[in-house]
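The structure under discussion appears below in the form of structure tokens.
The values are calculated or read from the model by the stated rules, or taken from the named source; none is laboratory data. What you see is a predicted model; the values in this text were computed from it and never measured. Ideal geometry is used to build each Cβ from the backbone, glycine not excepted, and the neighbour counts take in all protein chains shown. These accessible areas exclude ligands, DNA and RNA; they are computed on the full protein's heavy atoms, side chains included. Shrake-Rupley method; radii C 1.70, N 1.55, O 1.52, S 1.80 Å.
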Amino acid sequence: MVFKRALGSLGVGGPIVDTVLDRGPVRPGGEVRGQVRLRGGGSGCDIEHLALELVARVETGPGGEEHEGGVVFDRLRLSGGFRLDAREYRDIPFTIHIPWETPLTELSGQPLGADLGVRAELAARGAKDHGDPEQLIVRPLPVQEAVLGALGRLGFGLIAADLRLGRIAGTGQKLPFHQEFELTPAPRYIHDMNEIALTLLTGPDGMEAVLEADKRGRLSPRPSTPHKPLPGGPDAPGRHTVSHEGLEHRDWTGEVDSWIQALIQARGARTAPTARAGAVAAGVAGATAAGAVGGVVAAGLGDALGNLGRLGNLRKLGNLQRLAGLQGSECARPEEGNQG
């Protein structure tokens with residue numbers, strides 16, 4: 001048994017904690033199982049509480065600064081007070097339901113750069129400390145695959161999928177941050193936009209897709225407005241609501257293309273290509289053939305729909321029809337103030 005680290009703030013010779021997850025990826029709205037493993041220190045210790053936290057590395061500044069220690073976006077209280085004797089080993093199983101808006105960490109087998117984890121919090125002797133986070137792998141829901149796959153087939157290229165602190169006005173967003181996909185335009189739209197930003201906010205009933213054209217990203221200068229809300233309400237151009245049901249019966253390529261055209265028309269003017277956009281035009285075609293470049297999916301989003309036709313009834317995926325609350329195993333109970 002390997003424990004990752006002692007809890008320094010609880011004193012020398014204090015308890016040691018590790019979080020172990022059952023291996024395998026999860027989808028937004030799904031559940032994660034595992035164990036918190038405790039080992040007593042040199043003397044007995046009265047534990048005040050044991051909890052689990054979902055944490056994410058989130059950009060909080062215009063230069064890509066990250067929130068120190070990560071942003072906690074959900075929490076599960078596993079246990080109240082108990083005695084942990086000296087050198088005692090104790091394993092506490094758990095089941096934690098992750099929020100529907102949990103960001104994606106992989107797409108078409110490629111890492112997206114989003115860093116999520118599950119970590120234990122132990123309180124004893126009037127102090128709190130955290131174990132090292134265990135990496136959480138999150139793959140897209142079918143509705144997310146449908147939209148991203150359509151963009152790939154249209155020729156859009158994925159540059160980044162960053163996590164940004166702040167909420168998008170006019171949406172039902174619940175988490176304190178959102179995942180923003182930055183994409184280079186398809187060749188047919190190279191003269192209409194420099195890039196687009198896409199956010200996919202999923203819930204138990206469906207998904208809100210938020211598109212914005214010419215959002216300045218990492219490849220062009222951007223003013224210091226990382227928390228700027230997108231204009232308009234839920235009916236504004238670039239806002240679309242999609243159900244989880246009937247995905248296999250829709251023409252996703254045509255539908256998403258109509259979203260892009262409506263977004264361009266709403267802008268009311270054509271945007272002259274920048275030097276970057278012109279250079280990207282040739283790169284998009286090459287990246288489409290290459291699939292993935294340097295660990296980042298670039299114009300290879302079409303692979304995201306590879307198994308959509310075999311999904312059948314989406315209820316078989318589990319947890320798609322109920323909101324992911326923080327419910328634990330029989331030994332766990334939610335702490336007040338949890339995300340719904």
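For the condition part of a strand (DSSP E or B), under 17 Å from the mean Cα position of the chain (by Cα) and crowded, with 21+ Cβ neighbours inside 10 Å, what is the one hit in PHE94, PHE181?
Working: PHE94 fails: under 17 Å from the mean Cα position of the chain (by Cα).
Criteria check complete, one pass: PHE181.
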From the set of residues in segment 46-61 that are among the charged types (D, E, K, R) and part of a strand (DSSP E or B), which is modelled with the highest pLDDT?
GLU53
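Can you work out which of the residues in segment 114-123 that are among the small types (Gly, Ala, Ser) and either in contact with a helix residue (DSSP H, G or I) (Cβ under 6 Å, 6 or more places away or on another chain) or part of a strand (DSSP E or B) (or both) is nearest to GLY14 (Cα to Cα)? Don't jump to the end; show me each part of the working.
Taking segment 114-123 and keeping what is among the small types (Gly, Ala, Ser), we get 114, 117, 120, 123.
Filter once more, keeping what is either in contact with a helix residue (DSSP H, G or I) (Cβ under 6 Å, 6 or more places away or on another chain) or part of a strand (DSSP E or B) (or both): 117, 120, 123.
Details: GLY117: 24, ALA120: 15, ALA123: 11 Å.
Taking the candidates together, the pick is ALA123.
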Please specify each residue of segment 144-178 satisfying the condition of being open to solvent by 20 Å² or more (accessible area, probe 1.4 Å), outside any loop (DSSP other than H, G, I, E, B) and among the basic types (Lys, Arg).
ARG153
Got a number for residues in segment 184-196 being modelled with pLDDT of 95 or more and assigned to a strand (DSSP E or B)?
1
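Considering segment 124-143 alone, what residues qualify as being among the acidic types (Asp, Glu) and in a strand (DSSP E or B)?
Of the residues in segment 124-143, the ones among the acidic types (Asp, Glu) are 129, 132, 134.
Correct list: ASP129, GLU134.
How many residues are assigned to a strand (DSSP E or B) and touching a residue at least 40 places away in the same chain (Cβ under 8 Å) when one looks only at segment 16-36?
Start the filter on segment 16-36 by keeping residues that are assigned to a strand (DSSP E or B), which leaves 16-21, 26, 31-36.
From the residues that got through so far, the ones that are touching a residue at least 40 places away in the same chain (Cβ under 8 Å) too are 17-21, 26, 31-36.
Final tally of qualifying residues: 12.
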Single residue of ALA169, ALA86 found to be hydrophobic (A, V, I, L, M, F, W, C), modelled with pLDDT under 95 and closer than 30 Å to THR241 by Cβ
ALA169
Restricting the search to segment 231-261, which residues are charged (D, E, K, R), outside any loop (DSSP other than H, G, I, E, B) and at pLDDT 95 or above?
GLU255, ASP257
Pairs, first within 28 Å of LEU163 (Cβ to Cβ) in segment 114-131, second among the hydroxyl-bearing types (Ser, Thr, Tyr) and open to solvent by 30 Å² or more (accessible area, probe 1.4 Å), C-beta under 6 Å, six or more apart:
ASP129/SER9
With the condition kept exactly as written, say whether any residue in segment 199-221 is open to solvent by less than 10 Å² (accessible area, probe 1.4 Å), closer than 18 Å to PRO111 by Cα and modelled with pLDDT of 95 or more.
yes
